[in-house]
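The values are calculated or read from the model by the stated rules, or taken from the named source; none is laboratory data. Values in this document were obtained by computation on a predicted structure and should not be read as measured data. Backbone-built Cβ (ideal geometry, glycine too); neighbour counts: all protein chains shown. Side chains are part of the model used for accessible areas, which takes the heavy atoms of the whole protein and leaves out ligands, DNA and RNA. Shrake-Rupley method; radii C 1.70, N 1.55, O 1.52, S 1.80 Å.
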Amino acid sequence: DGGITQSPKYLFRKEGQNVTLSCEQNLNHDAMYWYRQDPGQGLRLIYYSQIVNDFQKGDIAEGYSVSREKKESFPLTVTSAQKNPTAFYLCASSTATGGRGYTFGSGTRLTVV
Amino acid sequence: EDQVTQSPEALRLQEGESSSLNCSYTVSGLRGLFWYRQDPGKGPEFLFTLYSAGEEKEKERLKATLTKKESFLHITAPKPEDSATYLCAVLDGGSQGNLIFGKGTKLSVKP
């Protein structure tokens, strides 16, 4: 079955560390997205990519980085520059126009220890 | 600026007590309105897509409707398993495909 897979489900980061969240899809979708979700704030867009080897900053890109070397994969790195990284991170994918909405992964909960 | 506002923020219902959730939007040319259900600790799950005013979609106890300014998610005779956060999102005419999300309505259904 086609879908979108995020790993790991839970991730713990020490102060000053960079960590990478994985997102893989086998839906043949052109576009992929990363969102951050905090209680009471809804979904906030971090980065998105409409095509391989190209990506754009979303509303809260500072302290994050991404790459899109393959159509299927869109990993997110949370760098040490992100001062408040504890959150629930969601990856999504869609067709190029987005007309059928997004398919979401199951999320990664990142906690700073 | 494009906006999506959901109300109420939280809704508590007794089992069997029907109600509606609202999603109002201001976008420059609606290309689609989407409803998602999100359970705690999980990713949003697609429910419905509506494309034009007057359109309605149904699934079990849920019915989504769309006007030019807002969408309603009607829940008929809800059960405790309907408890979740319901998200609304819109795709506007000028977008490259990026959805604009509301903050959601957290629904609790008590037995």
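Across region B:36-50, rounded Karplus estimates of 3J(HN,Hα) from the backbone phi angles (6.51 cos²θ - 1.76 cosθ + 1.60, θ = phi - 60°) give 10, 10, 10, 8, x, x, 10, x, x, 10, 5, 10, 9, 10, 10 Hz, Gly and Pro being marked x. The calculated FRET efficiency for B:Ser28 paired with A:Thr77, based on their beta-carbon distance and R0 = 35 Å, is about 0.55. Simple rule: put +1 on each Lys or Arg Cβ and -1 on each Asp or Glu Cβ in chain A, find the dipole, and look at A:Gln56, A:Leu11, A:Gly105; the Cα lying farthest toward the positive end is A:Leu11. About its Cα centre, the dipole of the protein assembly as shown is roughly 360 debye, where the only charges are +1 on Lys and Arg Cβ and -1 on Asp and Glu Cβ.
Dipole orientation for the protein assembly as shown: of the candidates B:Cys23, B:Ala10, A:Ser93, B:Ala10 has the Cα lying most toward the positive pole (charges on Cβ; Lys, Arg +1; Asp, Glu -1).
When a 1.4 Å probe is rolled over the protein heavy atoms, the share of accessible surface on region A:1-100 that falls to carbon and sulfur comes to 47 percent. Pairwise Cα separations in region B:20-88 fall into 5 Å bins from 0 onward with the following percentages, short to long: 4, 16, 29, 24, 15, 8, 2, 0. Between A:Thr79, A:Thr97, A:Thr20, find the one with the highest GNM mean-square fluctuation for chain A; connect C-alpha pairs within less than 10 Å. So, out of A:Thr79, A:Thr97, A:Thr20, the one fluctuating most is A:Thr97. Computed about the Cα centre, the dipole magnitude for region A:39-86 is approximately 40 debye when only Lys and Arg (+1) and Asp and Glu (-1) carry charge, each at its Cβ.
Each Cα pair under 8 Å and six or more residues apart adds its sequence gap; the mean of these over the residue count of region A:1-111 is a relative contact order of 34 percent. Averaging the Cα positions of each part gives two centres, and for region B:1-27 and region A:36-113 these lie 26 Å apart.
Taking the average, over residues, of other Cβ atoms within 10 Å as the packing measure, peptides A:55-64, B:11-20 rank A:55-64, B:11-20 from highest down.
Chain A has equivalent-ellipsoid semi-axes of 22, 14, 13 Å, by the square roots of 5 times the alpha carbon gyration tensor eigenvalues, sorted largest first. Dipole size of chain A about its Cα centre, with +1 on Lys/Arg Cβ and -1 on Asp/Glu Cβ: approximately 240 debye, rounded to the nearest 20.
Converting phi to 3J(HN,Hα) with the Karplus coefficients 6.51, -1.76 and 1.60 and the offset θ = phi - 60°, region A:55-66 yields 7, 10, 6, x, 7, 9, 6, 4, x, 10, 9, 9 Hz in sequence order, with x at every glycine or proline.
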